Amino acid sequence: MRRVAAGEIEGAPMVKLLGMHLTSVDEGRVVLEATPQPEHENGLGIAHGGFAATMLDTALSCAVNTVMPAGKVFTTLEMKIHYIRAISRRAGTLTCVGSVVHAGRTTATAEGRIVDADGKLYAHGTVTCILFRDTSEEAELKVEN
């Protein structure tokens, strides 16, 4: 994750498509930024709810990824979002901080908030990830067989 934030390796294509980028990565915590663009707007001239949902899902999942052992595969099992106010281009660059709440053997949870430069809250939410496979163990089994 740190190499993605540093621009050393490519991040997820969806994140790139929406103009989002990681700015900080620590164990259990990431910071993601994005600036709403006309392409993110719905027919009402405000950012589609999926824009905020993607920011939260990305930041929270990346935070979970920072505490997973190498090769552990997981995906979002459940996500809860509270939309506080509409996002428009006037908001400027938005920041989403995602933090791990729990990381267990089969599930992990994280929480996050989307705010503008003044700290105004636009959305907050939680994610539950299901941990379903460890590719490093699969690789070891193939070597042993």
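Overview of results
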read-out: Pick from the stretch 7-62, criterion aliphatic (A, V, I, L, M) and part of a strand (DSSP E or B), ranking: farthest from Val115 (Cα to Cα); value: Val25
read-out: Residues satisfying the stated conditions in the stretch 57-77, i.e. among the hydrophobic types (A, V, I, L, M, F, W, C) and closer than 14 Å to Gly19 by Cα; value: Ala59
read-out: Odd one out for Asp57 among (1) without any contact (Cβ under 8 Å) to a residue 12 or more places away in the chain; (2) within 30 Å of Arg133 (Cα to Cα); value: (1)
read-out: Any pair with Cβ under 6 angstrom, 6 or more apart, that starts in the stretch 93-118 at a residue that is over 10 Å from Gly28 (Cβ atoms) and touching a residue at least 40 places away in the same chain (Cβ under 8 Å) and ends at one that is of a type in the set (Phe, Trp, Tyr) and in a strand (DSSP E or B); value: Ile114/Tyr122
read-out: Members of the stretch 62-97 found to be modelled with pLDDT of 95 or more, under 16 Å from Met14 (Cβ atoms) and out of contact with any Asp or Glu (no Cβ under 7 Å at 6 or more places or on another chain), listed by number; value: Cys96
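Residue-wise test of (1) surrounded by 15 or more Cβ atoms within 10 Å (Cβ to Cβ); (2) under 26 Å from Ala108 (Cα atoms); (3) out of contact with any Pro (no Cβ under 7 Å at 6 or more places or on another chain).
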residue	(1), (2), (3)
Ser24	no, yes, yes
Gln37	no, no, yes
Ala59	yes, yes, yes
Glu78	no, yes, yes
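The values are calculated or read from the model by the stated rules, or taken from the named source; none is laboratory data. Values in this document were obtained by computation on a predicted structure and should not be read as measured data. Every residue, glycine as well, gets a Cβ built from its backbone with ideal geometry; the counts of neighbours run over all protein chains shown.
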